[in-house]
Amino acid sequence: MVIDELHDRCGEWLRGNGPQSDIVMSSRIRLARNLADFPFMRRCNDIDRANIESTVRERLTGSPALSGLNFFNVADLNTLDRQLLVERQLISRELSNGEGARAVAIDSKEQLSLMVNEEDHLRIQVMKSGLDLDAGWEQMNQVDDDIESSLTYAYSPKLGYLTACPTNVGTGMRVSVLVHLPALVITHQIEKVFRSLQKINLVVRGLYGEGTQAMGDFYQISNQITLGKDEAAIIDQVSDVIPFVIDYERKARQFLLDEKQNDLFDRVSRAYGTLQTAQQISSEETMYLLSRVRMGVNLGLIDNLEIPAINQLFLRTQPAHLQKIRDTSMDTDRRNVERAIYLREQLKREEN
């Protein structure tokens with residue numbers, strides 16, 4: 001695998017073939033781990049960082065279970081390639097913008113990624129399409145065991161896995177589900193849902209995680225507490241709540257169909273028409289309009305588009321992907337023009 005191969009494929013979070021994938025885009029399980037033989041990242045010098053990176057690479061490439069991973073030295077990647085990996089949710093913005101030796105290992109399906117030298121020495125991530133937390137945990141549990149057989153984790157019998165941030169101490173696990181909730185946004189019920197989630201210690205973040213804003217009506221719902229609960233309890237906490245969120249979104253969509261059909265069709269058709277005819281358009285507006293179109297396709301209001309094609313447009317119109325597709329570096333104004341051209345091209349092709 002090389003970076004230039006990625007932009008032409010759909011990332012796991014937008015594959016759209018998992019359970020409940022009309023609303024749940026992806027399920028993700030992330031573990032924070034540190035190596036016992038090195039200081040935490042905030043106390044690491046450049047030599048420590050380099051030694052952590054080389055140790056992880058050497059040990060994991062020697063493991064039969066993990067030998068198929070593709071390692072990328074993030075420090076050596078240019079800005080565009082790093083942004084591409086962020087857009088695909090394979091690395092965090094923190095790793096992209098960090099300093100010193102840092103890396104990411106990715107499997108060929110883009111379901112597994114392992115970041116080296118982010119906030120912790122290791123951030124292991126497994127992602128599945130749709131609502132599939134059980135399958136995600138099954139894979140993650142095996143991967144974590146394989147890594148621990150080659151590396152010694154920083155672990156306390158009393159506290160559990162030790163992490164740079166106290167909120168991650170214990171299991172070191174974050175379970176998150178990426179949901180698409182346009183109807184709850186349109187009916188102004190989204191804040192009420194968020195308040196209910198906060199009362200049971202679940203956190204709502206934007207598309208790219210902590211510190212990011214919602215784009216295209218995408219939200220990440222994840223656990224807040226890792227200490228004092230085992231992995232199964234954390235997964236159950238998230239798994240038990242998401243069906244209610246799905247039900248609220250479905251009821252909101254049905255309400256729009258039953259009571260606000262003209263308004264709903266107007267929103268969807270205007271969004272579709274703008275995407276078909278715009279001469280320049282930002283990535284943020286594109287996400288917003290594609291969100292409306294995606295809902296319209298799922299509700300049967302648009303019959304000449306398929307969800308996989310819409311999902312791919314969410315990704316391929318992002319700044320780094322667009323520049324990779326056009327094979328040239330572009331400033332914001334040029335990207336806005338090229339994005340509009342690309343959208344017109346792709347939507348016309350889908351209609352035919």
Any residue in the stretch 201-213 that's among the polar types (S, T, N, Q) and modelled with pLDDT of 85 or more: show its pairings with residues that are in a loop (DSSP other than H, G, I, E, B) and surrounded by 13 or more Cβ atoms within 10 Å (Cβ to Cβ) at Cβ separation under 8 Å, as long as the two are six or more apart or on different chains. N201/Q224; N201/I225
Go through the stretch 292-317 residue by residue and tally those that are without any contact (Cβ under 8 Å) to a residue 24 or more places away in the chain and farther than 16 Å from Q254 by Cα. 2
Somewhere in the stretch 170-183, is a residue assigned to a helix (DSSP H, G or I), in the same structural domain as M41 (by TED's automatic domain parsing) and within 25 Å of A271 (Cα to Cα)? yes
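Hey, among S96, S21, which residue is within 30 Å of D236 (Cβ to Cβ) and either small (G, A, S) or without any contact (Cβ under 8 Å) to a residue 60 or more places away in the chain (or both)?
None of the other options fit; the residue is S21.
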Considering each residue of the stretch 261-301, count those that are out of contact with any Lys or Arg (no Cβ under 9 Å at 6 or more places or on another chain) and among the basic types (K, R), and give that number. 1
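Results for (1) over 24 Å from Q20 (Cα atoms); (2) in the same structural domain as M140 (by TED's automatic domain parsing); (3) surrounded by 13 or more Cβ atoms within 10 Å (Cβ to Cβ); (4) touching a strand residue (DSSP E or B) at 6+ places or on another chain (Cβ under 8 Å), shown as yes or no for each residue.
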site: K199; (1), (2), (3), (4): yes, yes, no, no
site: Q220; (1), (2), (3), (4): no, yes, yes, yes
site: F265; (1), (2), (3), (4): no, no, yes, no
site: Q280; (1), (2), (3), (4): yes, no, yes, no
Considering residues that are crowded, with 21+ Cβ neighbours inside 10 Å and in a helix (DSSP H, G or I), the number found within the stretch 158-168 is 1
Among the residues of the stretch 150-163, is any within 19 Å of the chain's Cα centre (by Cα), assigned by TED's automatic domain parsing to the domain that holds S129 and of a type in the set (V, I, T)? no
Subset tally (residues that are charged (D, E, K, R) and part of a loop (DSSP other than H, G, I, E, B)) for the stretch 17-37: 2
Does R174 satisfy being touching a strand residue (DSSP E or B) at 6+ places or on another chain (Cβ under 6 Å) and either of a type in the set (D, E, K, R) or under 23 Å from R93 (Cβ atoms) (or both)? yes
Got a number for residues in the stretch 119-157 being in contact with a helix residue (DSSP H, G or I) (Cβ under 6 Å, 6 or more places away or on another chain), of a type in the set (A, V, I, L, M) and not in a loop (DSSP other than H, G, I, E, B)? 3
Test: L60 is in contact (Cβ under 8 Å) with a residue 40 or more places away in the chain, touching a Leu at 6+ places or on another chain (Cβ under 7 Å) and assigned by TED's automatic domain parsing to the domain that holds S129: yes
Here is a list: I47, I29. Which entry is modelled with pLDDT of 90 or more, surrounded by 17 or more Cβ atoms within 10 Å (Cβ to Cβ), assigned by TED's automatic domain parsing to the domain that holds M115 and of a type in the set (V, I, T)? I29
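One line per residue, one yes/no per condition, for (1) in contact with a Leu (Cβ under 8 Å, 6 or more places away or on another chain); (2) among the hydroxyl-bearing types (S, T, Y):
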position	(1), (2)
E138	no, no
I147	yes, no
T152	yes, yes
G170	yes, no
V177	yes, no
P182	no, no
Helices (runs of 4 or more DSSP H) contained entirely in the stretch 233-352, each with at least 2 residues that are modelled with pLDDT of 95 or more: 261-277, 283-298, 319-326, 332-351
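The values are calculated or read from the model by the stated rules, or taken from the named source; none is laboratory data. Everything numeric in this text was worked out from a predicted model, so none of it was measured. Using ideal geometry, Cβ is built from the backbone for each residue, glycine included, and neighbour counts are taken over all protein chains shown.
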